[in-house]
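For reference, the structure is listed below as structure tokens.
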């Protein structure tokens with residue numbers, strides 16, 4: 001069985017790109033709060049989507065922390081949204 005054809009129902013990050021994660025976090029938190037949560041230079045000094053993508057694609061531990069921040073923020077956002 002080919003790995004790319006396998007469904008990943010228990011992986012909440014499946015199909016979510018790093019760019020989409022960063023855009024969500026920038027929109028919800030901003031770079032300042034992101035920098036407090038994940039202490040990396042690309043969030044503190046001249047932050048941009050491009051520089052953050054470049055850095056996080058090269059540094060697995062930082063990407064893992066950003067992905068965890070995304071999951072926590074997403075859960076909080078979904079919990080706090082009023083239900084219609």
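No value in this document is a laboratory result; all are computed from the given coordinates. What you are looking at is a predicted structure, and each value in this text was computed from that prediction instead of being measured. In this analysis, Cβ positions are derived from the backbone assuming ideal geometry, glycine residues included, and neighbour counts consider all displayed protein chains.
Helix content alone sets the calculated 222 nm mean residue ellipticity of the chain: runs of n ≥ 4 DSSP H residues at -39500 (n - 2.57) each, divided across all residues, give -19500 deg cm²/dmol.
Placing a label point 7 Å from the Cα of residue 13 along the Cα-to-Cβ direction, the residues of the range 30-49 whose backbone N falls under 17 Å of that point are 37-40.
Among the listed values [x] 13.4, 46; [y] 12.6, 42; [z] 14.2, 45, the one computed from these coordinates for Rg and Dmax of the Cα atoms in Å is [z].
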